[in-house]
Amino acid sequence: MDKKDLYDTLMLLEEQSKGNVETLRAVRQQLSELAEENQALKVENQHLRDRLNGNLIEEEGVIETDNPSGLTKSRLNLESIYDDGFHVCNHLYGQRRIDDESCAFCLDVIYGDRK
């Protein structure tokens, strides 16, 4: 191998190393974002579990609530979860409502057809 080939090979390795460093930085950034999202989802899941456990206690009659709306206990529980900012409809159940936007599907689940 002559000096020019050696120099060209060294330059090629240097460029590849730079590309690898950039790739590593991008992967590290994505990993960081995924770790943050994972932690937020863990907190949200725990909140939902706590909320569900509280609702189960209410259904067992440990906590009595006034019910002027005429909703069943299960619909009151859904209403409470909805008021906490989560979807209760079949389409998006358990997902957080962005900016507490109204969801016609959720409202139909809670207040619709009370036969």
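The values are calculated or read from the model by the stated rules, or taken from the named source; none is laboratory data. Source: prediction; values computed, not measured. Every residue, glycine as well, gets a Cβ built from its backbone with ideal geometry; the counts of neighbours run over all protein chains shown. Note: areas computed on protein heavy atoms with side chains; ligands, DNA, RNA excluded. Shrake-Rupley method; radii C 1.70, N 1.55, O 1.52, S 1.80 Å.
Region 1-63 gives an Rg/Rh value of 1.64, both radii derived from C-alpha positions and Rh following Kirkwood. Dipole of the chain computed with +1 at Lys/Arg Cβ and -1 at Asp/Glu Cβ about the Cα centre; of A40, A26, L71, farthest Cα towards the positive end is A26.
Sorted into 10 angstrom bins from 0, the C-alpha pair distances of region 68-115 split as 30, 57, 13, 0 percent. Model label points for E44 and T72, set 7 angstrom from Cα along the Cα-to-Cβ axis, are 2.8 nm apart.
Placing +1 on the Cβ of every Lys and Arg and -1 on the Cβ of every Asp and Glu, with no other charges, gives the chain a dipole of roughly 220 debye about its Cα centre. Anyone know which of R96, R49, R25 comes out most mobile in the 10 Å Cα GNM of the chain? Residue with maximal mean-square fluctuation among R96, R49, R25: R25. Solvent-accessible area per residue in the chain equals 80 Å², computed with a 1.4 angstrom probe and all protein chains kept. Comparing mean-square fluctuations of Q16, Q46, Q29 from a GNM of the chain with C-alpha springs under 10 Å, the top value falls on Q16. Each Lys or Arg adds one and each Asp or Glu subtracts one; over the other residues with Cβ under 12 Å from the Cβ of R96, this totals -4.
Solvent-free Debye calculation, one equal scatterer per alpha-carbon of the chain: log10 I(q)/I(0) at 0.15, 0.16, 0.18, 0.24 Å⁻¹ equals -0.80, -0.86, -0.98, -1.31. If R0 is 30 Å, the Cβ-Cβ spacing of R51 and Q30 corresponds to a FRET efficiency of close to 0.45. Near the amide H of F86, within less than 5 Å, lie the amide hydrogens of R97, all on another chain or at least 5 residues away, with H placed in the peptide plane. Sorting R75, R28, R97 by solvent-accessible area of protein heavy atoms yields R28, R75, R97, largest first, with a 1.4 Å probe. Karplus-derived 3J(HN,Hα) values for region 6-21, using 6.51 cos²θ - 1.76 cosθ + 1.60 with θ = phi - 60°, are 5, 5, 4, 5, 4, 5, 4, 4, 5, 5, 5, 5, 4, x, 5, 4 Hz; glycine and proline are entered as x.
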